[in-house]
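A.B. asks: Please read through the structure below; I'll follow up with questions.
We did not get these values from a lab; they are worked out from the coordinates using the rules stated. No experiment lies behind these values; they were computed from the predicted model shown. Cβ: placed from backbone, ideal geometry, glycine included. Neighbour counts: every protein chain shown.
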Amino acid sequence: MKVTKRILESFSNKWLVAAVLLFCCAASLLFVHHNHSFYDRPIAEVIKTSQTGSAEETDMHNNKDRLYTQQLTAKLKNGKDKGKLITLTNEYSLSGAFDQKYHAGHELFVSIDSSTNNSLTGTVKDVKRDKYIMIASWLFIFTLLLVGKKQGFFSVISLAVNGLLLSYALDVYLNKNGLGLLVICGISAILFTVISLLLVNGFNGKTYAAITATLLGTFISLFIAMIVLKLTSGNGLRYEEMQFLTRPPKVVFIAGVLVGSLGAVMDVAITMSSSIFGLYEKNTQISIKALKASGLEIGKDIMGPMTNILFFAYISGSIPMLILYFKNASPLGYTLSMNLSLELARALAGGIGIVLTIPIGLYTSLYFINRKKARV
């Protein structure tokens, strides 16, 4: 009878959580489809489109692209002219690098240029994308919950908390000149690590080992990167992509290395601690020597994939710029140094952190297991 009651309670709790999530999903999607009045900028929904012309354009490097012109008839969704029709002219290219073709149903941010005899004309400023972002966000959340269940739920919470913390940290840096970016990011990294791992894995030796290994691996790799930059005077690094910053680009780069390495190092740390503790919990009589040997094998297996993941994650963001430089006949060496110097440096610093975290995570886990054995 008690078992049946527990099963029913568990079943009803799961359905209650699912119902709450579905309600929140439906409410948020409904909101972003009808939130036009919350925006200050005019929003117009495209009703009809027509092609009005095309022309071929040649840039300074003799690259050809075709430009198209379309006329849009749209209905304003907010503001004092809500409900009125507006005529918009949109130019888009075949490449679609800085523009795009619009279709009926698209919602656009517009500026109203003139108004005569209830006839409005204007220009397109941007696309209203919040509903697409909301759909993608809920797909991510439901996938995480489906696979991770309780841990997935806490992962969503930790992700939201970390996002708010990072936003607050950057706001503090921009408004409080007395605090350095590296100090703020260092404190944030500690908070990210502690909050994420405690929420997902709880208060136990496995979590404490992962937190210790993550922080040690991250800050040691950052320290090594700073020493190398000091010894080489930063030769070979090109900060041109940061030319619009009003802050020292080197400090911003180092802070990016810290935050970027943290995720990969944390992944390795929790993998090592979970594996070692999992082996011990399955067989509490296993020797420390056997755990050490197993941990080293696990570390060797994850070392290559994790460094490759970090490398491709950084390099993938430069592919559009590489294509642009090559398309404009830029020399290979110049193209690679301009676009990949910072990414390769970040990947190398993160790779050092990954490799260091494997033995750190192993011996930290063994330390907490020895403490657990001593208490038994």
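A.B. asks: Going by how many other Cβ atoms sit within 10 Å of their own, how do PHE192, PHE142, PHE219 line up, fewest first?
C.D. replies: PHE142, PHE219, PHE192
A.B. asks: Which residue fluctuates the most in the chain, going by a Gaussian network model with Cα springs under 10 Å, if the choices are SER316, SER275, SER221?
C.D. replies: Maximum among the listed residues: SER316.
A.B. asks: By the gyration tensor of its Cα atoms, with a ≥ b ≥ c the square roots of the eigenvalues, what is the shape of the stretch 237-285: rounded for a/c under 1.5, prolate for a/b over b/c, or oblate?
C.D. replies: prolate
A.B. asks: Quick check on the exposure proxy: order LEU146, LEU216 from fewest to most C-beta atoms within 10 angstrom.
C.D. replies: Starting with the residue having the fewest Cβ neighbours, the order is LEU146, LEU216.
A.B. asks: Starting from 0.36 nm per residue, how many nanometres of slack lie between ARG375 and LYS150 once their C-alpha separation is accounted for? The partial results should precede the final answer.
C.D. replies: Working: separation 225, 0.36 × 225 = 81.00 nm, distance 2.93 nm.
Contour length minus the Cα-Cα distance gives 78.1 nm.
A.B. asks: Please compute the modelled spin-label separation between ASN235 and GLN285, points set 7 Å along Cα→Cβ, answer in nm with one decimal.
C.D. replies: 6.2
A.B. asks: Put +1 on the Cβ of each Lys and Arg and -1 on the Cβ of each Asp and Glu in the stretch 117-202; which of PHE153, PHE142, LEU181 then has its Cα farthest toward the positive end of the dipole?
C.D. replies: Toward the positive end, the furthest listed residue is PHE142.
A.B. asks: What list do you get for ARG346, ARG371 if you sort them by fewest beta carbons within 10 Å?
C.D. replies: Neighbour counts put them in this order, fewest first: ARG371, ARG346.
A.B. asks: With a ≥ b ≥ c the root eigenvalues of the C-alpha gyration tensor of the stretch 103-232, is it rounded (a/c under 1.5), prolate (a/b larger than b/c) or oblate?
C.D. replies: Taking the square roots of the gyration eigenvalues as a ≥ b ≥ c, the stretch 103-232 is oblate.
A.B. asks: Just grab the label-to-label distance for ILE187 and HIS103, each label 7 Å out from Cα along the Cβ direction, in nm (one decimal).
C.D. replies: Here the modelled spin labels are 4.9 nm apart.
A.B. asks: Using Cα positions and a limit of under 27 Å, work out the lysines in reach of LYS77, with same-chain residues fewer than 8 apart set aside.
C.D. replies: Reachable lysines: LYS48, LYS101, LYS125, LYS128, LYS131.
A.B. asks: Kindly identify the chain as rounded, prolate or oblate by the Cα gyration tensor criterion: order the square roots of the eigenvalues as a ≥ b ≥ c, call it rounded if a/c is under 1.5, otherwise compare a/b with b/c, prolate if a/b is larger, else oblate.
C.D. replies: Oblate, since a/c reaches 1.5 and b/c is not below a/b.
A.B. asks: While we're here: Looking only at the stretch 186-213, which residues have a backbone nitrogen under 12 Å from a spot 7 Å from the Cα of VAL161 in the C-beta direction?
C.D. replies: Flagged as within label range: 191-203.
A.B. asks: Take the alpha carbon atoms of the stretch 287-319, find their center, do the same for the stretch 216-274, and report the distance between the two centers in whole angstrom.
C.D. replies: 19
A.B. asks: What helices does the chain have that are whole DSSP H segments, at least 27 Å long along their own axis by Cα, and with mean Kyte-Doolittle hydropathy of -1.0 or more?
C.D. replies: Those that pass (Cα extent of 27 Å or more, hydropathy at least -1.0) are 2-33, 130-175, 181-201, 205-232, 249-282, 288-316, 332-375.
A.B. asks: List nothing, just return the count: lysine pairs in the stretch 180-375, 8 or more apart or interchain, with Cα separation under 23 Å.
C.D. replies: For the stretch 180-375, the number of qualifying lysine pairs is 17.
A.B. asks: Which translational diffusion coefficient, to the nearest whole µm²/s, is obtained for the stretch 180-375 from the Stokes-Einstein equation, given a Kirkwood hydrodynamic radius over C-alpha pairs, 4 °C and 1.567 mPa s?
C.D. replies: 71
A.B. asks: Running a GNM on the chain with Cα contacts under 10 Å, which residue among ILE195, ILE47, ILE358 ends up with the highest mean-square fluctuation?
C.D. replies: Between ILE195, ILE47, ILE358, it is ILE47 that shows the largest mean-square fluctuation.
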